[in-house]
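The values are calculated or read from the model by the stated rules, or taken from the named source; none is laboratory data. These numbers were taken from a predicted model, which means no experiment stands behind them. Backbone-built Cβ (ideal geometry, glycine too); neighbour counts: all protein chains shown. For the accessible areas, the whole protein counts, side chains as well, though only heavy atoms, and no ligand, DNA or RNA atoms are used. Shrake-Rupley method; radii C 1.70, N 1.55, O 1.52, S 1.80 Å.
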Amino acid sequence: ILFIVIVLSFYFIQKNYFGKSFSNIEEIVIFLTIAMVGIQGLYKIPDITFTAQLQQFKINLPNLVRTIIFNIGRVIVVLLGFKAIALVSVNLISAIIIIPFYLYLMGPGFFSGKWDIQLFKKYLKVGLPILIITITISITSNYSKVLFKDFSSITELGYFSGAIGLASMLIMV
């Protein structure tokens with residue numbers, strides 16, 4: 001939620017206050033990316049639960065399937081000659097396709113139970129430093145692309161993002 005609010009705020013401030021113009025393609029990519037990050041953020045709910053229950057396989061399986069779908073889709077999109085919107089769409093589609101995997105792995109009683117405000121406060125107390133670190137990492141890893149785009153072209157940014165994506169796939173292997 002914080003990521004979405006920060007990115008939308010930054011976008012609207014850039015557009016309305018600083019008068020920065022975004023092309024239609026850039027706006028579509030921004031909003032598709034926000035949707036994709038929002039969906040991926042929801043994956044943290046079962047991931048944290050699976051981690052607490054020491055069920056590492058349930059964390060790794062959806063990530064592995066998503067990575068395979070995304071990278072195969074990305075290669076197909078590039079070979080077909082499509083550009084930024086198609087690449088982001090493949091990323092969003094791969095995030096959506098994984099939702100049934102998570103629902104299956106969570107089981108029918110995953111969200112049953114009562115809300116415990118005291119437990120929630122304890123989680124916030126422990127999780128706040130982790131949240132700050134995660135926000136910082138997210139901003140630094142994603143803002144590099146925004147900054148790179150401001151000082152170069154969309155084509156160069158595409159090459160940069162593609163290389164980062166392929167390198168991350170090799171690192172995962």
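Computed quantities for the displayed model
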| quantity | calculated |
| --- | --- |
| Tilt relative to the chain, helix 154-172 - C-alpha long axis, 0 to 90 degrees, to 10 | 30 degrees |
| Cα gyration tensor shape of segment 1-69, rounded if a/c is under 1.5, else prolate or oblate by comparing a/b with b/c | oblate |
| Accessible area of segment 1-135 divided out per residue, in Å², using a probe of 1.4 angstrom | 70 Å² |
| Nitroxide proxy distance, nm - points 7 Å out along Cα→Cβ at Leu105 and Thr33 | 2.6 nm |
| Rg/Rh for the chain, where both radii come from Cα atoms and Rh is the Kirkwood radius | 0.99 |
| Amide proton proximity set for Lys83, modelled H, under 5 Å, gap of 5+ | none |
| Linear extension gain, Leu166 paired with Ile139, 0.36 nm per residue minus alpha-carbon span | 7.7 nm |
| Full-extension gain in nm, Phe151 to Val78, via 0.36 nm per residue minus C-alpha separation | 23.9 nm |
| Residue-by-residue Karplus 3J(HN,Hα) for segment 129-136, coefficients 6.51, -1.76, 1.60, Hz, glycine and proline x | x, 5, 4, 5, 5, 4, 4, 4 |
| Protein accessible area in the chain, 1.4 Å probe - carbon and sulfur % | 75 percent |
